[in-house]
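The values are calculated or read from the model by the stated rules, or taken from the named source; none is laboratory data. Keep in mind that this is a model prediction, so the values were computed, not measured. Cβ placement follows ideal geometry from the backbone for every residue including glycine, while neighbour counts extend to all protein chains displayed.
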């Protein structure tokens, strides 16, 4: 049998150029997979909609998967990375120099889906590996990730890196997208990722700005080695995105103060009420966030 082919699609420049070129060569993957953390920038979701149509027109199967928590202990049920951070009162692992959030919310749900995908099941039953395309380009930065990835012996997947085989760097990938008549996608990242640049934060909606302030305020009591989502202050930006949002006037000072003073305590009270109820009767974290964004959280 022919080994099934899967593309791990991060909706960024590299993976988009890879998808376009594979399709043009008659080598389109049998399945394209995106793992959605629920916190991508609005521009990324808009671009995803365009690519969804592009793939549908070419009969390329496309699936979007998410990590789903199944055990909530004493917590209200939560559904994505934002709600997980608020539930546990922590920052994403990248703020501490680690990348476990990417593994948990991107790599793991994709592999879980593939393990239920019949072509993969059939291939493994025949002793075949699934071909997995990964969009590491030929730049030095991706070269480091590629060098590490090549040392891993995966019993289920034969990981291929066509962009490196073609010698395509980021500029070549960008040009290929433009040649295809498609818009160049924005940098793909969670809106509260440490990698966010100041201009990217400036472009966020008030709802996401409030969420960033809330995440940092909720995590603040437990922080010891970092100041906030940007880790530590430098000459170009503060360690806390909240301070940047305040200094830039992206939210009113009164609103920032209200969030810091009231929202974490109200959230903890919401969690304590949930802990007294059976899981099936607990209001999910989403209901609290709806009240938060409707500015219905009063001073406590």
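Scan the helices (runs of 4 or more DSSP H) fully inside region 129-198 and keep the ones with 1 or more residues being over 23 Å from the mean Cα position of the chain (by Cα) and at pLDDT 95 or above.
162-166, 170-179
From 37, 16, 44, grab the single residue that is crowded, with 19+ Cβ neighbours inside 10 Å and out of contact with any helix residue (DSSP H, G or I) (no Cβ under 7 Å at 6 or more places or on another chain).
One residue alone meets the criteria, 44.
Just to confirm my filter: which helices (runs of 4 or more DSSP H) fall fully inside region 13-126 and include at least 1 residues that are more than 25 Å from residue 213 (Cα to Cα)?
13-24, 42-57, 108-114, 118-125
Give me the residue from region 88-116 that is exposed (fewer than 15 other Cβ atoms within 10 Å of the Cβ) and in contact with a helix residue (DSSP H, G or I) (Cβ under 7 Å, 6 or more places away or on another chain) and, out of that set, modelled with the lowest pLDDT.
100
For region 262-274, does any single residue satisfy the condition of being surrounded by fewer than 16 Cβ atoms within 10 Å (Cβ to Cβ), touching a residue at least 12 places away in the same chain (Cβ under 8 Å), more than 26 Å from the chain's Cα centre (by Cα) and closer than 18 Å to residue 70 by Cβ?
no
Of all the residues that make up region 275-300, how many are surrounded by 18 or more Cβ atoms within 10 Å (Cβ to Cβ) and not in a loop (DSSP other than H, G, I, E, B)?
4
In region 23-32, what residues are surrounded by fewer than 22 Cβ atoms within 10 Å (Cβ to Cβ) and touching a helix residue (DSSP H, G or I) at 6+ places or on another chain (Cβ under 7 Å)?
28, 30, listed by residue number.
Inspect region 41-49 for any residue being free of Cβ contacts under 8 Å to residues at least 24 places away in the same chain, over 13 Å from the mean Cα position of the chain (by Cα) and not assigned by TED's automatic domain parsing to the domain that holds residue 278 and give the result as yes or no. Spell out how you get there, then give the answer.
Pass one, region 41-49, residues free of Cβ contacts under 8 Å to residues at least 24 places away in the same chain: 45-46, 49.
When the remaining residues are screened for being over 13 Å from the mean Cα position of the chain (by Cα), the result is 46, 49.
Checking which are not assigned by TED's automatic domain parsing to the domain that holds residue 278 leaves us with 46, 49.
Yes, because at least one residue in region 41-49 is free of Cβ contacts under 8 Å to residues at least 24 places away in the same chain, over 13 Å from the mean Cα position of the chain (by Cα) and not assigned by TED's automatic domain parsing to the domain that holds residue 278.
Going by what's in this entry, would residue 124 be described as surrounded by fewer than 19 Cβ atoms within 10 Å (Cβ to Cβ), at pLDDT 85 or above and out of contact with any strand residue (DSSP E or B) (no Cβ under 6 Å at 6 or more places or on another chain)? Can you show your working first?
On the way: surrounded by fewer than 19 Cβ atoms within 10 Å (Cβ to Cβ): yes; at pLDDT 85 or above: yes; out of contact with any strand residue (DSSP E or B) (no Cβ under 6 Å at 6 or more places or on another chain): yes.
So residue 124 passes the test.
Looking at this structure, is residue 240 in contact (Cβ under 8 Å) with a residue 12 or more places away in the chain and closer than 19 Å to residue 86 by Cα?
yes
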